[in-house]
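Participant: One structure coming up, written as structure tokens, with questions to follow.
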Amino acid sequence: MAERFDVLVQGISEADALSLIFADTASVERPSDRYFAATRLGLCDCDKTLEALIRATHELKVDELFDRITRRKVVEALGRRKDPRAIPALVDVLGCSDTEAVINALSALTRIGWRPGEVEEDCLLGLLNGEVTQIRAVIQTFTRLGIQSPRSKSCIMDCCDHKSLLVSGAARAYMASLYGECDLMKPLVASLTDLVAGKRRSAVIDIGDSGDESLLPILVRAPVSMSLRAKSFLQIVDGNQSLSKPENQALFEQLLRDDPLLLDIRSEWECGSDPDEIERNLSHRDEARQYGAAASLMRIDRSECLAVIESMQERLWSDYVTHYYLSCLVGLRKFSEKSDLVRSALAETTPQYTKSRIAAAWACVELQLDDQMDLLYELSSSAPWVPLRWTCQQALARLIEMQQLERTL
């Protein structure tokens, strides 16, 4: 479960969660509560709950559906706890037959900062014989933990030409990150505009893992979720300690402003000016189609665009995807008539709407909403997500600069 949905499990008490993860499924009114309980324990910080999660990795079986799903969530929860005492149990999970649990264990070990010994490295390399998703996760583990050895280099280099892009992309990122073989990343550039959404997203992730700063301008233009691009962007600049470079600051701002007219949109993703067609595409699961619809809203007549925003706000404002794009458009097109929408979006604290707060912060600059400076100031230091915190810092500085300029005129 994505951490932004933690609110869904906070109503489960710690005591109930401890009981539910070990319960017989037949005795539970809502079996799904068992795996929600595992996620809930990932939010705790006491030894009792940690010990229960570790015990669950051994006691829950893979042959009963809800045991299996709960165990996966248990493994995920241990990664969130980031407690080294969970490492032996997570390493044991790597030997099980449940591929999803293995992948979760690899992610958890990475979050904890595991340092595998030679025997454990051999175990990881043995997992390269599994399913494609497992192979990808194993290679990502080697990359993110910085595991280098002649044997691992040879095995992962062999994967660079794997028939699956999920595997070859991860392998190329490993070679670029740990051995400087950045030329191997060139084939991934084409994947950033692939018609298959999954290939675009995996390419964005692989570019982040590669640490290749030369790919930042291309990464910024990819028609993929802004938050995913931002994660990879920060992964690269943090690794190179280069966010302070003026060119990287400009690229980061371009990414976070998320103007669809500056993205590499293929003709297959574009739509006309018909409001119904725009709305269908804006609600599409493929982000490239969403961006194509947003680009149409950037191009159509101002009054037509305002009418579409009015209609969608009235009916779909609670949908966080629509919420985000409308917040973006109001700022990008400087619709002062919709300043209340901006104020509402900036004040929204539900985690699913965090992207909208970024769009609203930029809109505050475009609409010169000085009355939002106190909230921008608060978020500029307290927002936990770096893109939101950085955006609010920039927005606040520009509003102050505008005020100072007005005083000198």
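The values are calculated or read from the model by the stated rules, or taken from the named source; none is laboratory data. Nothing here was measured: the structure is a model prediction, and the numbers come from that model. When we count neighbours, we look across all protein chains shown, and the Cβ atoms used for this are built from the backbone with ideal geometry, even at glycine.
Every residue, every condition in (1) surrounded by 20 or more Cβ atoms within 10 Å (Cβ to Cβ); (2) more than 26 Å from ILE87 (Cβ to Cβ); (3) modelled with pLDDT of 95 or more; (4) touching a helix residue (DSSP H, G or I) at 6+ places or on another chain (Cβ under 7 Å), yes or no:
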{"position": "VAL28", "(1), (2), (3), (4)": "no, yes, no, yes"}
{"position": "SER32", "(1), (2), (3), (4)": "no, yes, no, no"}
{"position": "TYR35", "(1), (2), (3), (4)": "yes, no, no, yes"}
{"position": "LEU41", "(1), (2), (3), (4)": "yes, no, no, yes"}
{"position": "CYS44", "(1), (2), (3), (4)": "no, no, no, yes"}
{"position": "ASP47", "(1), (2), (3), (4)": "no, no, yes, no"}
{"position": "LEU50", "(1), (2), (3), (4)": "no, no, yes, yes"}
{"position": "LEU53", "(1), (2), (3), (4)": "yes, no, yes, yes"}
{"position": "ALA56", "(1), (2), (3), (4)": "yes, no, yes, yes"}
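Participant: Something else: Could you go through the stretch 296-305 and let me know if any residue there is without any contact (Cβ under 8 Å) to a residue 40 or more places away in the chain, within 24 Å of ARG229 (Cβ to Cβ) and under 20 Å from the mean Cα position of the chain (by Cα).
Facilitator: No, the stretch 296-305 contains no residue that is without any contact (Cβ under 8 Å) to a residue 40 or more places away in the chain, within 24 Å of ARG229 (Cβ to Cβ) and under 20 Å from the mean Cα position of the chain (by Cα).
Participant: Which residues, counting only those in the stretch 298-336, are aromatic (Phe, Trp, Tyr) and touching a Lys or Arg at 6+ places or on another chain (Cβ under 9 Å)?
Facilitator: TYR320, TYR324, PHE335
Participant: Counting only residues that are in a helix (DSSP H, G or I) and aromatic (Phe, Trp, Tyr), which one in the stretch 325-384 is surrounded by the fewest Cβ atoms within 10 Å (Cβ to Cβ)?
Facilitator: If we take residues in the stretch 325-384 being in a helix (DSSP H, G or I) and aromatic (Phe, Trp, Tyr), then TYR377 is surrounded by the fewest Cβ atoms within 10 Å (Cβ to Cβ).
Participant: If you don't mind, there's one more thing I want to ask. If we scan the stretch 393-400, do we find a residue that is modelled with pLDDT under 95, closer than 21 Å to LEU234 by Cβ and not hydroxyl-bearing (Ser, Thr, Tyr)? Spell out the reasoning first.
Facilitator: Our first condition is that a residue be modelled with pLDDT under 95; within the stretch 393-400, this holds for none.
Within the stretch 393-400 (the criterion being modelled with pLDDT under 95, closer than 21 Å to LEU234 by Cβ and not hydroxyl-bearing (Ser, Thr, Tyr)), the answer is no, since none of the residues qualifies.
Participant: Among the candidates ALA294, ALA307, single out the residue that is under 14 Å from ASP274 (Cα atoms) and surrounded by fewer than 22 Cβ atoms within 10 Å (Cβ to Cβ).
Facilitator: Working: ALA294 fails: surrounded by fewer than 22 Cβ atoms within 10 Å (Cβ to Cβ).
None of the other options fit; the residue is ALA307.
Participant: Please state which one of ALA190, ALA176, ALA170 is under 22 Å from GLY126 (Cβ atoms) and assigned to a helix (DSSP H, G or I).
Facilitator: Numbers: ALA190 fails: under 22 Å from GLY126 (Cβ atoms); ALA176 fails: under 22 Å from GLY126 (Cβ atoms).
On inspection, the qualifying residue turns out to be ALA170.
Participant: Do we have any residue at all in the stretch 81-93 that's in contact with a Lys or Arg (Cβ under 8 Å, 6 or more places away or on another chain), assigned by TED's automatic domain parsing to the domain that holds ASP183 and under 24 Å from ILE236 (Cβ atoms)?
Facilitator: Scanning the stretch 81-93, I find no residue that is in contact with a Lys or Arg (Cβ under 8 Å, 6 or more places away or on another chain), assigned by TED's automatic domain parsing to the domain that holds ASP183 and under 24 Å from ILE236 (Cβ atoms), so the answer is no.
Participant: Checking ARG115 against (1) free of Cβ contacts under 8 Å to residues at least 60 places away in the same chain; (2) surrounded by 15 or more Cβ atoms within 10 Å (Cβ to Cβ), which test does it fail?
Facilitator: (2)
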